[in-house]
Every structure is written in structure tokens, then in C-alpha cells.
Amino acid sequence: PLGGVQFFDGASTLGGIQLITWDFGSFLGLPVPTNHSSASISVQLSGGTHVITVVYAGTDVPSTGGPLVQNVTAATSTTVVTSAVNPSVFGQPVPLTAAVSSPCSGSVAGSVQFQADGIDLGSPAPVDGSGHASTTASRLAVGNHPITAVFTSSNSDVTGSSGSFGGGQIVNPADTATAVASSASPSEFGAAVTFTATTTVNSPGSGTASGSVQFQDNGINLGTPQSLGSGGQAAITTSDLSVGSHTISASFTSDSTNFNDSAGNTTQIVNKARTTLSYDGPASADFNDPAVLSARLTRTDNASPLAGKTVTLTMGSESCSQVTDATGEAACTIIPSEAAGPFTVTAVFTGDGNYLDSTDSMPFAVTREETTTTYTGPTVIAQGNPVTLSGRLLEDGITPIAGRTLTLTIGSGLGSQNCVTGPTDASGNAACRVANVTVTQGSQPVKADFAGDSFYLPSADATKNVIIFAFPSRGIFVLGDRTVAAAPSTVTFWGAQWATQNTLSGGGAPSAFKGFADTPSSKPPVCGGTWTSSPGNSSSPVDSLPAYMGAAVSGSITKNGSTISGNITKIVVVVTAPGYASNPGHAGTGTIIATYC
């Protein structure tokens, strides 16, 4: 019969109407019609029990067929796990893929739970239309990890399954790289330098390495190992590097099996340290006076003092050297020998194996030295006679100055007299002679002057006075030595009672002697000389007296016949009083104010 057949699964149609076809057999290789005809359909049935019926409609009488009870069991599935990278390194993301298939089904649906070491890797991953599910394992520790994928079917027609890949996922330690950086290169000797080691994890690994870093200088350990911080860095600071080139290395040792060790290095150049030398001594000094020159030596970079370094200080032709102390200060003494004027003082540090040289200079003035001039000549001077004046020139009142001339002056104003000395001797002394003293009798100023020169300042002594006196125009009046020694306020050098008013150490005086000796042994009279005279006033005393008169002092007076004689032990200056006359009845008196010799 011709027509079609409609298949039913229960009340549901299966596909469209299927046309009836002839069934052919074969005989000797040729198609042979059979005695029946058929219609067929291929369908995918869900798991379970299905009641299949058919309905014929066509050229013959319609009919139904069945029921056929078709039992359908769920299709099996297969899950295959693969890794995109195996072995991997720590921290490297590892893509995992599960391929789910079923031989009895065109497609699978559901999800896959990936596991490593039996522990879920995240949430279940859905199976896509091609039967694949994937995930990424990003934090697998170093080692061998069994990887499984458990497929859970969302279709009752397909069973779940699981799979793993042989040998597991191998995770090796991640390589690291260690780099070394310097805080300052080149650096200066003695300056602190910080070396920083940075350890990073090489791609495709990831994570933060931990452990310690040992720094070395040319293979010698710099301190102890330094812990690697959370930022992957370790640092060490040193100021002990010598001048020259240094290979600074850093060796990282991991404290975890997840990371491999690594090392790095850098070249550190250490130059000599710059220095600053500052002169801080005086800017002037007197000629021939000690002058303490000084300077301070410091590092240029941080101004810290440098001790134990030799600094040379020079001014003019003088130079001295000293080693700096703990404060960087060096001081030494020179004695300027230059004439007064402008100069330059220079401080020099010549440098050494660790420090660069430095200098400093500034203007320096040599000033004239202070002097003291002192009058040292006689303080009692005889008028009308020559006199030798003297003075002394000292430096700072202590040290004699040789080779300079002095001007010595007696009196003041128009009546003064002076002379210029020859060069002072090694003791600073010099003298000159006034041929004839004409300065007015009495107390007169005396002055010693040094005019100064290019080495010494001028100075003068105007603090002293001298007594200018005169001898009588002829002869000399006499006083007894004991009378003079008693220093009475008034003495009698002439008079009728002279012998009783003057006492002598050599015995009494002849009464015939009235006090005037007309014939001294020298003119002018001198100490140690002698004199002779006639008795009474037969010696004819002078008619007038000097206001300041020189009188002889005798210790022994004798009379031999008509001649009276005596010695001169001393000459004193007497300020004469009024009332004198050449007649012994008019005594000559006065006051002793000075001793001549």
C-alpha cells in the first residue's frame, strides 16, 4: 500500500509523516520485491520508557500499529583534561581545559569542577556548545599537583564523568632577577652610600619573593644579610669604601621553595673627597712679634672636620705647618720679618690618597712693632761742661732693638739742646755728646726720641727731669761728708763757723778753713779729685753763686803751713740761699737737692 506513516511517542508526534517505501531483497545480486513495504524514522529519545505507536493513512484502509515500549538509558560521557603549559613555574597562570564528549549524543551540557590536589579550583565552569570547559590555576605551589575535572551533566540523557591528566601538573620554582642600585655613583671617600637590591620574579612567574640579600664589596661581605622587604628590596649603607672602583654585588637567597636564588651587581666609583680649607687666623701682626696663623679643614659635602691632616700656613717669607685637631683646626706660629706693608696669608692642604687638595688666602698686613724709648743718661748735669746723654730702645718694652738712632734733648723751647746718637747696640743702648751744656739751671725736662721706621713705630720718653747746675766761676765750695750724710735741710758751705758746722769722717777741720777751695785738682772738679786752699778768706771766694751750685764733699781736710787741702768724695748740688757774700761773716747756705757724682 502507498501512503505515509505518522510515528507517535505517547501523544507526541515524532518528526513528520514518513512515506512508505518498498522493501527490496536481493537474489543473485539483483533487487527483488518483497511481499511487504515500510516507513522508518531516526530520533533521539530521552532516557526513560517510551510508548511508540504509528498511524497509517494512504491508498489502503488506515490502520495503527504498536505499541512498542522502547526503554532508553542515559548516554555515557568522557571527560579529558589538558594543561596549556606543563611544567609551569610558580605564579604562572596555568590554563586548564576539560573536553566532554558522549558517543551516543550529539552534544553535552552541564558544568565541570576542576580540582588540584583534590581541592576545588574556583567554581564549576560551564560546558560550552563544543563540549569544552576551562579554568585557570594561578597559584599552584611548587611541586606535582594531580589535576581532575568532574563533569556534572545537566541533561538526563547523558551521564556525568571525570578525568585527569597523567603525571599531574608540575610547578617549578620561578626564576628571580636581582638588580643593585647606588644612591650616588660616583661617590666621595668617606661619604655614606646606600646600596639597594631589588629582587623581582621573572615572567611568566609572579608573586613577591622573600628571603635575604648578602651585599659584597669586591667579594668581601658588607655587613650581615639584609632581609628583603615586602616591596622586594633590601638596602645597606656604608661610608667605608676606599678610593677606586668597586664591584658591589647582591646575592638573593630565597626562604621559600617557590623562588630560585639570584644575584646582581653594579660598579661603584669612589673619588677622593673634596675639601674646604678656610683661613680663620688674624689679618695682621706686628713686625717681629709672634703671630698665630690658623685654618680649618672640612669636607666640602657635609662640612664635617678633618683631623690629622697637615696644613701649611705661609705669610711673606715665613711659613709653618701643623696637623689638624679633632675640630679640623690647624694653628702654628710665625714671626714676621718683613717691613710693614700689605701681604697675603695662604693656607694650603696638599691632599692625600683620600682627599683632594684645597687652599685659602686673604690679605694680611704686617704692622710696625711697638717700641719703648727710655732716657738712661745722667740726671744731674753740669752747665758749661760737656755731657754724654744716653737712651735705650726696646721692642714691647722687653727686647732690645739694635741699629737705630735716638734723639736726646735737654730742656724745652728755644733754650733746649739735643744730640743724635749712633746706632743702638745689641742691648738697645746708644749715646751722644752735648759739647757744652747751656740749658738754664734748675730742673729741666729731658727727652729720648725714636723717630720710627718701616719696621718700628716711633716712641719717646718725656717723663724725666734732670738737674742743671753750675760750678762757681772758679774754685769750689766744700761740705763735710758727715754733714751731707745727715742730710740736714740746710747746709753751710761758707762762713766763719764752717769748721764747727761741718763734720768729717776723717777728723775735725782746721778752724782756719772757711769753706772755699780755690784750687781744685781739675776743672771742672771731679769725684776722687783733691783741692787746696789758703786759710780764711785769703782764697778770695767768688762774688756770686750759681742758683744751682755744685759743691765738693770732703771726708778729710788738713792744714800744712799756710796750705789747707782736702779730698773730694762726692759732688752734690746745692740750691743756694740769699745772704751770701765773699766775707766769711756772710755765710753761704743752701739745700742739697741732688748728687752729681
Entirely in region 385-481, the strands (runs of 3 or more DSSP E) that have 1 or more residues that are under 30 Å from A581 (Cβ atoms):
442-450, 459-469, 476-480
Could you say which residue among S533, S511, S505, S540 is open to solvent by 50 Å² or more (accessible area, probe 1.4 Å), touching a residue at least 40 places away in the same chain (Cβ under 8 Å) and in contact with a helix residue (DSSP H, G or I) (Cβ under 9 Å, 6 or more places away or on another chain)?
S505
Here, strands (runs of 3 or more DSSP E) confined to region 211-314 with at least 1 residues that are in contact with a strand residue (DSSP E or B) (Cβ under 7 Å, 6 or more places away or on another chain), of a type in the set (F, W, Y) and closer than 20 Å to S182 by Cβ are 211-217, 244-254
Can you tell me which condition T176 does not meet? The list is (1) open to solvent by 50 Å² or more (accessible area, probe 1.4 Å); (2) within 60 Å of the chain's Cα centre (by Cα), and all the others hold.
(1)
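Residue by residue, here is whether (1) closer than 27 Å to I467 by Cα; (2) hydroxyl-bearing (S, T, Y); (3) touching a Phe, Trp or Tyr at 6+ places or on another chain (Cβ under 6 Å) holds:
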residue: A517; (1), (2), (3): yes, no, yes
residue: V542; (1), (2), (3): yes, no, no
residue: L545; (1), (2), (3): yes, no, yes
residue: Y548; (1), (2), (3): yes, yes, yes
residue: A551; (1), (2), (3): yes, no, yes
residue: S556; (1), (2), (3): no, yes, no
Just to verify a result, which residue in region 89-112, among those that are in a strand (DSSP E or B) and open to solvent by less than 30 Å² (accessible area, probe 1.4 Å), is farthest from G143 (Cα to Cα)?
G110
Is it the case that some residue within region 73-88 is part of a strand (DSSP E or B), of a type in the set (A, V, I, L, M), open to solvent by 60 Å² or more (accessible area, probe 1.4 Å) and within 22 Å of S161 (Cβ to Cβ)?
yes
Residues of region 462-495 classified as in contact (Cβ under 8 Å) with a residue 60 or more places away in the chain, open to solvent by less than 30 Å² (accessible area, probe 1.4 Å) and among the hydroxyl-bearing types (S, T, Y), total:
1
Selection from region 315-342 of residues assigned to a strand (DSSP E or B) and either over 15 Å from F287 (Cα atoms) or open to solvent by 60 Å² or more (accessible area, probe 1.4 Å) (or both) yields S319, C320, S321, Q322, V323, E329, A330, A331, C332, T333, P342
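Yes or no, residue by residue, for (1) surrounded by 15 or more Cβ atoms within 10 Å (Cβ to Cβ); (2) of a type outside the set (V, I, T); (3) under 30 Å from I335 (Cα atoms); (4) in contact with a Lys or Arg (Cβ under 6 Å, 6 or more places away or on another chain):
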{"site": "S206", "(1), (2), (3), (4)": "yes, yes, no, no"}
{"site": "Q216", "(1), (2), (3), (4)": "yes, yes, no, no"}
{"site": "G223", "(1), (2), (3), (4)": "no, yes, no, no"}
{"site": "I248", "(1), (2), (3), (4)": "yes, no, no, no"}
{"site": "A263", "(1), (2), (3), (4)": "yes, yes, no, no"}
{"site": "K272", "(1), (2), (3), (4)": "yes, yes, no, no"}
{"site": "N288", "(1), (2), (3), (4)": "yes, yes, yes, no"}
Breaking point among (1) buried (at least 21 other Cβ atoms within 10 Å of the Cβ); (2) out of contact with any His (no Cβ under 6 Å at 6 or more places or on another chain), for T253
(1)
Kindly indicate the residue of region 27-71 that is assigned to a loop (DSSP other than H, G, I, E, B), open to solvent by 70 Å² or more (accessible area, probe 1.4 Å) and β-branched (V, I, T) and also modelled with the highest pLDDT among those meeting that condition.
V61
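The values are calculated or read from the model by the stated rules, or taken from the named source; none is laboratory data. Quick caveat, the model's predicted, so the values are computed rather than measured. For neighbour counting, all protein chains shown are included, and Cβ atoms are generated from backbone atoms with ideal geometry for every residue, glycine included. Each accessible area value is taken on the protein alone, full model and side chains, heavy atoms only, with ligands, DNA and RNA left out. Shrake-Rupley method; radii C 1.70, N 1.55, O 1.52, S 1.80 Å.
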